């Protein structure tokens, strides 16, 4: 992605230091977080310096490289950071095998990250075919370059359609309580792609008005039957899309598909801190006595999905 005329990835390696665009500071401030220890990497994942399943997987791969002298402890530390995103566990397994085979850990982690980028580009090439001139697209949360190192999953088809001079317009859900749709808007702004940010609960309004032609979202974990977990509120968008006759697509690389889960009922949903809802930018906006439940994800049944945009093509099942 291009920021102020310079190309950036959401994370990158310089020798044994891993640098991240600190997504907690966006869109107001552009800062780099540098990780040199396994605890630094774990903090970056858990505290959402880095977000998005593929990017979390790449961060975990680099974390395993940093902690390659004690891979079992390193894997244990990383597994406790974000329980829902399957890419995290996929990357740990990949790196564990590489280390056991005697491969250079940093070389293996870099290859893992490069593979994610390549897969996302292919997702864009396949998904771009769904976008016609004047298509109006709804996204939910952030599934762009920030979430995937580069290109994105849900945003990859949009990026390539824009590069191919197709006219399009994006409605980006803000995604409460973390307002991650703002990250999508930030990426689209810097790419020069026409868009508008809307409240999560405004999506149905625009669907009913026939202002949305297509929905593309990312995923954090996809079960064998096609049920998938994504940012909280995705299920609502899928139901609304079906009710309004709007195609609903999930964009994800193979690393997000969990072959161990029969269906979505087996997906663990991460519950996050009360403060994400009761505070904004460190300022408390609710009384202390307020009780809060804050699931970070929900599960959408496969019956609402028109297709899965992957690096191997668009899958209907």
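Laboratory data are not the source of any read-out in this text; all were calculated from the coordinates shown. Everything quoted here is computed from the prediction, not taken from an experiment. Using ideal geometry, Cβ is built from the backbone for each residue, glycine included, and neighbour counts are taken over all protein chains shown.
What is the helix-to-structure angle for 53-66, meaning the angle in degrees between its Cα long axis and the longest Cα principal axis of the chain, kept from 0 to 90 and rounded to the nearest 10?
10 degrees
If you restrict to DSSP beta bridges whose two residues both lie in the chain, what percentage is antiparallel, to the nearest 5? Intermediate results must be reported in sequence, preceding the final value.
On the way: 22 of 40 bridges.
Expressed as a percentage, antiparallel bridges in the chain total about 55.
Only bridges with both residues in region 126-315 count here: give the DSSP antiparallel percent, nearest 5. Could the numbers behind the result be given before it?
On the way: 12 of 30 bridges.
Around 40 percent of the beta bridges assigned by DSSP in region 126-315 are antiparallel ones.
Under a 10 Å cutoff between Cα atoms, tell me which one of 289, 186, 12 has the largest fluctuation in the Gaussian network model of the chain.
Greatest mean-square fluctuation among the candidates belongs to 289.
Among 279, 266, 302, which one shows the highest mean-square fluctuation when the chain is modelled as a Gaussian network with alpha-carbon springs under 10 Å?
279
Give the relative contact order (percent, whole number) for the chain; include only Cα pairs under 8 Å separated by 6+ residues. All intermediate terms of the calculation are to be shown ahead of the outcome.
On the way: 676 pairs, mean separation 52.9, N = 317.
Over the chain, the number comes to 17 percent.
Using just the helices of the chain, give the 222 nm mean residue ellipticity in deg cm²/dmol: DSSP H runs with n ≥ 4 each add -39,500 (n - 2.57), and the total is spread over all residues, rounded to 500. Intermediate values should be presented prior to the final figure.
Numbers: 11 runs with 114 residues, N = 317.
Calculated mean residue ellipticity at 222 nm is -10500 deg cm²/dmol.
By how many nm would the segment from residue 205 to residue 242 grow when fully extended, if each residue of separation counts as 0.36 nm and the alpha-carbon distance is taken off? Mind showing how you got there, number by number?
Working: separation 37, 0.36 × 37 = 13.32 nm, distance 1.41 nm.
That works out to 11.9 nm of additional length.
For region 117-271, what is the convex hull volume of the alpha-carbon atoms per residue, in Å³? Write down the numbers at each step before the final one.
Details: hull volume 16.6 nm³, N = 155.
In region 117-271, the Cα hull volume divided by residue count equals 107 Å³.
How much length would be gained if the chain were fully extended between residue 133 and residue 107, taking 0.36 nm per residue of separation minus their Cα-Cα distance, in nm to one decimal?
Working: separation 26, 0.36 × 26 = 9.36 nm, distance 4.16 nm.
So the chain would gain 5.2 nm between residue 133 and residue 107.
Report the label-to-label distance for residue 314 and residue 169 in nanometres (one decimal), using points 7 Å from each Cα along the Cα→Cβ vector.
Between residue 314 and residue 169, the label points sit 2.2 nm apart.
Between region 148-215 and region 52-118, what's the alpha-carbon centroid distance in Å?
Result: 30 Å between the Cα centres.
Tell me, 190, 126, 28 in order of fewest to most beta-carbon neighbours within 10 Å?
Values: 190 16, 126 20, 28 9.
Ordered from fewest to most neighbouring Cβ atoms within 10 Å, 190, 126, 28 come out as 28, 190, 126.
From the P(r) of region 2-120, could you give the percentage of C-alpha pairs in the tail past 18 Å?
Values: 3210 of 7021 pairs.
The calculated P(r) of region 2-120 puts 46 percent of pairs beyond 18 Å.
If I fit a long axis through the Cα atoms of helix 234-243 and take the longest principal axis of the Cα atoms of the chain, what angle between them do I get, 0 to 90°, rounded to 10?
30 degrees
Along Cα→Cβ, 7 Å out, is where each label goes; now give me the distance between the ones at residue 225 and residue 31 in nm to one decimal.
Distance between the two pseudo-spin positions: 4.5 nm.
Connecting C-alpha atoms closer than 10 Å in a GNM of the chain, tell me which of 227, 133, 87 has the biggest fluctuation.
Fluctuation is largest for 133.
Pulled fully out, how much extra length does the chain show between residue 79 and residue 39, if you take 0.36 nm times their separation in residues and subtract their Cα-Cα distance?
Values: separation 40, 0.36 × 40 = 14.40 nm, distance 1.24 nm.
So the extension gain works out to 13.2 nm.
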